[in-house]
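The values are calculated or read from the model by the stated rules, or taken from the named source; none is laboratory data. Since the model is a prediction, treat every value here as computed from it, not as a measurement. Cβ placement follows ideal geometry from the backbone for every residue including glycine, while neighbour counts extend to all protein chains displayed. What goes into the accessible areas is simple: the full protein's heavy atoms, side chains included, and nothing from ligands, DNA or RNA. Shrake-Rupley method; radii C 1.70, N 1.55, O 1.52, S 1.80 Å.
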Amino acid sequence: MEWLTEHKLPIGPLARDVVDWLTANASGFFDAISYGLSQMIDALLYLLQAPHPLLVVGLTSAFAFLLKRSLGFTLFTAAGLILIINQGYWEETTETLALVLSSAIICMAIGVPIGILAARRPWLMQALRPILDLMQTIPTFVYLIPALILFGLGMVPGLIATVVFAIPAPIRLTQLGISSTPRPLIEAADAFGATPWQRLWKVELPYALPQIMAGLTQTIMLSLSMVVIAALVGADGLGVPTLRALNQVNIARGFEVGVAIVLVAIILDRLCRGTEDRK
């Protein structure tokens with residue numbers, strides 16, 4: 001077997017050369033992306049941190065009631081957020097929310113159009129499938145290294161890694177929802193003279209909306225699962241105290257942060273579910 005390992009393919013050196021070339025020739029492009037993403041995160045952080053925490057809790061609870069019409073869920077939302085404040089993790093929670101919301105916005109803005117296009121062109125989905133599989137199965141630390149080199153320390157490389165990991169979900173589920181639209185509905189729209197755009201907006205997208213919302217929920221949950229990994233490249237949020245608790249073997253702090261992450265996950269999951277859950 002030595003003869004085989006002595007002549008291994010230069011996969012690693014090729015990847016290094018590509019990153020080095022991008023660093024030398026496209027630094028302005030990546031700086032512009034980093035600036036734009038930083039502005040998005042800062043804007044969300046301002047919206048979450050500028051008002052008094054109790055005001056944010058009240059507005060979030062009111063939004064939860066308007067969306068779900070459930071007194072129980074509204075009280076749970078308020079109690080969960082107040083518990084996070086009580087435990088002293090409000091600032092970290094808002095930073096995590098800014099990262100998760102930014103990831104969700106980017107993933108849905110890119111993933112839904114790609115999913116629609118893939119549903120219209122099956123060959124495109126066939127070409128995308130191995131790429132999407134790679135994005136979700138390759139260890140996150142592999143693409144954290146080039147993200148760190150290209151974008152530097154901070155929230156941006158954590159956001160990039162989160163987007164790479166989470167974006168397959170909206171692409172797959174949007175494609176599934178559009179492509180599963182019943183043929184009779186499409187034929188009825190065509191019979192009434194609907195254009196392709198009208199058919200998309202008035203037939204296919206409404207039918208696929210539950211799948212698209214499921215893609216949004218999956219994106220948020222996958223983004224939350226990346227908070228600890230994002231903290232490794234300097235991203236603020238609940239991942240930072242989690243890493244500190246791990247390094248110090250601090251059971252109390254680890255459990256407190258874990259409860260905060262779980263509460264955020266439950267609240268966001270319920271908020272993004274369809275209206276069929278209303279009681």
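Applying 1/(1 + (r/R0)^6) with R0 = 25 Å to the Cβ-Cβ distance of Gln126 and Asp269, what FRET efficiency is obtained, to the nearest 0.05? FRET efficiency, Gln126 to Asp269: 0.20. What the chain shows is 56 Å² of accessible area per residue, with the surface traced by a 1.4 Å probe over protein heavy atoms.
Length gained on full extension, Asp190 to Ser27, computed as 0.36 nm times the residue gap minus the Cα-Cα distance: 53.8 nm.
Helices from the chain with mean Kyte-Doolittle at least 1.6 and a Cα length along the axis of 30 Å or more, per DSSP H: which? Counting only whole DSSP H runs, the qualifying helices are 251-272.
In this rough spin-label picture, where each label sits 7 Å from Cα along the Cβ direction, the Leu67-Gln49 distance is 2.3 nm. Using 0.36 nm per residue and subtracting the Cα-Cα separation, the extra length available between Asp133 and Leu117 on full extension is 3.9 nm. Defining a contact as two alpha carbons under 8 Å apart and six or more residues distant in sequence, what relative contact order in percent does the chain show? The value is 23 percent. Rounded if a/c is under 1.5, else prolate if a/b is larger than b/c, else oblate: which is the chain, with a ≥ b ≥ c the root eigenvalues of its Cα gyration tensor? Oblate. In the complete set of protein chains, residue-level accessible area for Glu91 is approximately 110 Å², probe 1.4 angstrom.
May I ask you to compute the full-extension gain from Ile85 to Leu209, defined as 0.36 nm times their residue separation minus their alpha-carbon distance, rounded to one decimal in nm? Show your work: numbers first, answer last.
Numbers: separation 124, 0.36 × 124 = 44.64 nm, distance 3.45 nm.
Full extension of this stretch gives 41.2 nm more.
Estimated from helices alone, the mean residue ellipticity of the chain at 222 nm is -26500 deg cm²/dmol (sum of -39500 (n - 2.57) over DSSP H runs with n ≥ 4, per residue). For Leu268, the accessible surface of its heavy atoms amounts to roughly 20 Å² (probe 1.4 Å, protein chains only, rounded to the nearest 10).
Given a 1.4 Å probe and every protein chain left where it sits, what share in percent of the accessible area of the chain is carbon and sulfur? The computed percentage sits at 69.
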